[in-house]
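Following: one structure in structure tokens, then a few remarks.
The values are calculated or read from the model by the stated rules, or taken from the named source; none is laboratory data. Treat the numbers as computed from the prediction; the structure is a model and nothing was measured. Every residue, glycine among them, receives a Cβ derived from its backbone with ideal geometry; neighbour counts consider all protein chains shown. In case anyone asks, the SASA skips ligands and DNA or RNA and just uses the protein heavy atoms, side chains included. Shrake-Rupley method; radii C 1.70, N 1.55, O 1.52, S 1.80 Å.
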Amino acid sequence: MQRHPCQAFTEQLIKRIDYFETFFSTLRQIFLNMFVMNLRAGFIFTLHIGLAAVIAGLPGISRATGGNENHTTGNFEELVIVSTPISDSHGNIVGVTIPLRRAGRLFLLDGTIDQVSGNFILDTGASGLVLNKTYFRNAISVDDEEGGGVTGTTGQVTRTNVRSLKVSDLVFQNVSADVTPLGHLENRRGVKILGLFGMSMMKNLEMVIDLRNNSLQLYKLDKNGTPVDGNFPKVKFDIMNKVEEYRNIMFVKATVGGKILDFCLDTGAESNVISTDAPKKALNTVTITRRSSLNGVGSRQGEVLYGTLNDFLLGNNQISAMETILCSLADMSRQYACPIDGMLGYDFFSRGKIYINLVKKEMGICLKAEGKL
């Protein structure tokens, strides 16, 4: 039986509509993924697999072009982070205090590497040391890998070596570093960014992150994970929780809407994030407060959701409402090679003084002075 011309036309029209629905859905997801990378301090995170570095970020971002840039060549002799030693009653140095400065919702450390001075972002979401190619473009390459981002490749990432990294009395020898462009951060924050100070330098120390007082304290530990200072103050924590480490990245389990989710602890994230792929019961606890358009390349736009996370528990401890962004974290999960349900960033770390001991796999939180979250 011969088909009526209208029937054939209708079938073709339906196919075209299906095609464009799929196209625009995919396009929207790309820009949502781009947005969550924008939340990260460097738009990047590093995962060290042998000599390879996997960098996730945004390609095509312009580099800061200051008129009097200093460029260093070769491997680097020494990186010094500004800090003050902490001594015990016998005068032995048992730790350091590193002052932090704010740039929006990011926290900066002062440092100098081979006579080039500037800022490093405190970034527990980066697994190691990252240097800004703006100032270290002539670094001798230990290994080159092409980085992959949410919208494609981000170009070559150079691996180099810093022979000595000093934080007061704490000295790290032969520290590997990734060299990649961070100029977009300088453009956005208007400050000189030499790099990211990541987890590999801190994971064998007890960290005390006190954003309220703009300080980071690092304490030496013995082989059992106990501070070497016998007079280390006993702290009564309001919240105690287990913390895990995977590829130099910290993770905690939290309960949202009765569902147990995996969150990475990320001082470089300017907001908390919960994945749109999280269980529906968890997502239903988020009160959407506003929608925002995300400008992408050219005139393309995507949409992201801002909300309030109302039902967040660490262990049996309820944490009051935190601002959260809903985005897909599928690409980040692939880069980390493990599922990530969310990121705990500035809104979480600003709630109080946070103690982290990865040797004992413990995290303790002292709440703000008013005694509530």
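In terms of its alpha-carbon gyration tensor, region 189-239 comes out oblate; a/c meets the 1.5 threshold, while b/c is at least as large as a/b. Taking amide H positions as modeled 1.01 Å from N, with prolines and chain starts lacking one, the residues under 5 Å from residue 312 and 5 or more places away or on another chain are 319. The trypsin sites (Lys or Arg not before Pro) of region 303-371 that meet both conditions, a loop assignment by DSSP and at most 14 other Cβ atoms within 10 Å of the site Cβ, are 360, 361, 368.
On region 251-295, 47 percent of the accessible area sits on carbon and sulfur atoms, based on a 1.4 Å probe.
Of interest is the spacing of the C-alpha centroids, which for region 210-254 and region 308-340 amounts to 21 Å.
Measuring against 31 Å, Cα to Cα, the residue pairs 166/259; 133/242; 166/223 contain 166/259; 133/242 as the ones spanning a longer distance. Ligands, DNA and RNA left out, the 1.4 Å accessible surface of region 80-128 is 50% carbon and sulfur atoms.
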